[in-house]
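Written out below as structure tokens is the structure these notes cover.
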Amino acid sequence: MPTLAKAYVAASPSAPLEPGTIERRDPGDFEVRIAIKFTGICHSDIHTARGDWGQVNYPVVVGHEIAGIVEAVGAKVTRYSVGDRVGVGCFVDSCRECANCRAGEEQYCLAGVTRTYNGVGRDGLPTAGGYSTSIVVDENYVLRVPDGIALDAAAPLLCAGITVYSPLRNWRAGPGKRVAIIGMGGLGHMGVKIAAALGADVAVLSQSLKKQEDALRLGAQHYYATSDPATFDILAGHFDLIINTVSADIDVDDYLALLDLDGTMVLVGLPSKPLTTRAWSLVGYRRNLAGSKMGGIRQTQEMLNFCATHGLGADVNVIPASKINDAYDRVIASDVRYRFVIDADTF
């Protein structure tokens, strides 16, 4: 029999999130039910709840930075047991058959992943996310949270952490590599921590100097204000890798000019307007412009293990569920250092 879970629900694009209940199915043979303890507030949650990114199946329960405890397992589950510390990220299923899925890159499933919220599961029912007290997920799409990471600090790693870890790993950030992180928000602050732990020489490029002290504390060696035009002259041709974590509209050519020969700028943010660049910015200097989203299940587990080994977690501000709407306004105003996390025991 399905069970009821408490949740915070968006009923329409203009409605504030309000408390309610949703049904969660009993775990199938290969599924686990997770008692959610903490859920991070990602900017993607806000875009979806407010209908900014196209079709939304209202009412919707968002949240894809989920950390909790296994409270029930299906008859054929082998990976997890009741009491295990686990997490769920941006997707809860994929086709499992295409070349990308077989390669462990499920996030690029050719048939499309099943998103943790505002998706449709194999049962034909809408998926509901982590702004709730429980969730049921196939064991193959559940991550193990190592004991070295507190659950509240682990929750944002399931989106923000893996979103920056993946390009840093895939473009081989490490000793001898000069890496710039554009933006010092939820993604950017984790980019700094992870790039520094990988051994790279890390710089932050931010609008102002107001977060300089934080950036240096988190592991950056350098910090530059992009509002100062001299920054782009000083840093011309300097970096091997730039990770752009912001969703603001920027002059891509200005930032490409900061890359050395064969350098790459990777986009992980999603600006609202199309980006434009002159071909010469790439062709004339053998530079690369790339994109990346979250990692697959295998790489996400690698990231969690890496963070535990290096003592990394997100810098979080834990809030009760009643403060979700206030937190949304503060996220939009960039008034958080660096991730709001909802305490699910307050639903």
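Ordering Ala11, Leu151, Tyr328 by Cα displacement along the dipole of the chain toward the positive end leaves Leu151 in first place; charges were set at the Cβ atoms of Lys, Arg (+1) and Asp, Glu (-1). Evaluating 6.51 cos²θ - 1.76 cosθ + 1.60 at θ = phi - 60° for every residue in the range 27-37, the Karplus couplings come out as x, x, 3, 10, 10, 10, 9, 10, 7, 6, 10 Hz, glycine and proline recorded as x. Computed extension gain for Val82 through Ile234, at 0.36 nm per residue and net of the alpha carbon distance, reaches 49.2 nm.
3J(HN,Hα) couplings calculated from phi for the range 80-92 with the Karplus curve 6.51 cos²θ - 1.76 cosθ + 1.60 (θ = phi - 60°) are, in sequence order, 9, 10, 4, x, 5, 8, 9, x, 9, x, 7, 9, 10 Hz; Gly and Pro show x.
With the simple model of a label 7 Å out from the Cα in the direction of the Cβ, Lys293 to Lys273 spans 2.4 nm.
Give me the number: length gained by fully extending Asn140 to Asp249, i.e. 0.36 nm times residue separation minus the C-alpha to C-alpha distance, one decimal in nm.
The Asn140-Asp249 span can extend by a further 35.6 nm.
Working from label points 7 Å from Cα in the Cα-to-Cβ sense, the Ala99 to Trp53 distance is 2.6 nm.
What is the local net charge at Gly124, summed over the other residues whose Cβ is closer than 13 Å to its Cβ (Lys, Arg +1; Asp, Glu -1)?
Local charge sum for Gly124: 0.
Listed values for the range 254-267 are Karplus-derived 3J(HN,Hα) couplings in whole Hz (6.51 cos²θ - 1.76 cosθ + 1.60, θ = phi - 60°), namely 4, 7, 4, 5, 7, 8, 7, 3, 6, x, 10, 10, 10, 8, and x replaces Gly and Pro. For the chain, modelled as a Gaussian network with Cα springs under 10 Å, which listed residue fluctuates most, Pro271, Pro167, Pro156? With Cα springs under 10 Å in the chain, the top fluctuation among Pro271, Pro167, Pro156 is at Pro271. Based on the alpha-carbon gyration tensor of the chain and its eigenvalue square roots a ≥ b ≥ c, which shape applies: rounded if a/c is under 1.5, prolate if not and a/b is larger than b/c, or oblate? Because a/c hits 1.5 or more and a/b exceeds b/c, the chain counts as prolate. For Cys42, list long-range residues whose amide hydrogen, built 1.01 Å from N in the peptide plane, is under 5 Å from its own amide hydrogen. Residues meeting the criterion, in which the H sits 1.01 Å from N, are His64.
Read-outs: derived from the displayed coordinates by stated rules, not from any lab. Just so you know, these numbers come straight off a predicted model, no measurement behind them. Positions of Cβ are generated from backbone atoms using ideal geometry, with glycine treated the same way; all protein chains shown enter the neighbour counts.
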